[in-house]
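Reading through the structure tokens given below for one structure.
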């Protein structure tokens with residue numbers, strides 16, 4: 001395992017831009033991925049050093065998240081504790097018990113999970129060392145990268161949503177079984193979580209996504225960073 005202390009970290013989102021991102025060039029780099037990134041593994045030899053899963057999309061096939069976890073069985077990871085023991089609010093969530101190489105985490109009790117348009121409930125700052133999972137896992141994984149010693153954070157696959165059929169906003173149309181156009185609400189949440197990260201993170205965050213609409217962080221070119 002790569003020691004993340006004192007090194008830059010790459011955080012991989014799940015946007016459609018990953019299909020034109022040379023992830024194989026990240027070999028030897030500290031990388032974090034999340035959610036259904038395993039659906040990309042048939043197209044790349046790259047694998048993340050660290051993995052996080054706190055999101056649970058009830059629109060997806062029942063227990064889809066088990067395949068996400070199994071694909072990272074031996075990867076150091078952080079998982080929502082609901083995946084271990086179930087959750088009283090979600091009776092159809094069947095916990096899978098203990099999983100190796102796992103740190104179990106709770107969802108933030110200070111800030112509502114989805115409240116990007118609610119000025120009374122939404123997060124406006126991190127509260128380290130306690131993790132804030134407000135809006136989605138992308139905020140939590142940026143916090144983890146910093147807590148693990150990242151000196152700089154670089155984002156890939158953080159596109160924001162283009163609208164229309166929801167699945168087309170990801171690197172595979174199979175990513176989300178949801179026919180609703182959720183672009184407006186998701187873009188509100190994602191923009192807010194990145195604004196919070198930009199103002200809260202003690203180390204710089206750069207956006208190396210190939211295209212996309214996220215303009216909160218300074219843009220940099222992935223190839224320039226790797227070859228500097």
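Every read-out reported here was derived from the displayed coordinates using simple, explicitly stated rules and does not represent laboratory data. Please read these numbers as outputs of a predicted model, since none were measured by experiment. So basically every Cβ, Gly included, is an ideal-geometry build from the backbone, and we count neighbours across all protein chains shown.
A few remarks follow.
- Centroid-to-centroid separation of the stretch 43-64 and the stretch 154-210 [C-alpha atoms, Å]: 15 Å
- The residues 171, 135, when put in order of fewest to most other Cβ atoms within 10 Å, stand as 171, 135.
- Candidates 81, 130, 152: whichever shows maximal mean-square fluctuation once the chain is modelled as a Gaussian network with Cα springs under 10 Å: 130
- With bins 5 Å wide beginning at 0, the percent of Cα pairs of the stretch 46-154 falling in each bin runs 2, 11, 20, 22, 21, 14, 7, 2, 0.
- Residue order for 218, 29, fewest other beta carbons within 10 angstrom first, comes to 218, 29.
- GNM flexibility winner over the chain from 13, 139, 97 (Cα, springs under 10 Å): 97
- Gain on full stretching of the segment that runs from residue 177 to residue 62 - 0.36 nm per residue minus C-alpha separation: 40.3 nm
- Size of the stretch 1-84 as Cα extents on the principal axes (Å, biggest first): 36, 28, 17
- Percent antiparallel among DSSP beta bridges (both partners in the stretch 9-227, rounded to 5): 10 percent
- By the count of neighbouring beta-carbon atoms within 10 Å, fewest first, 210, 50, 90 end up ordered 90, 210, 50.
- Computed over the stretch 9-227, relative contact order equals 23 percent, with contacts defined as Cα pairs under 8 Å that lie 6+ residues apart.
- Two-decimal log10 I(q)/I(0) for the chain, as the Debye equation yields it once each C-alpha is a single scatterer, q = 0.08, 0.11, 0.13 Å⁻¹: -0.26, -0.51, -0.74
- Relative contact order (percent, whole number), the stretch 14-58, Cα cutoff 8 Å, 6+ residue spacing: 41 percent
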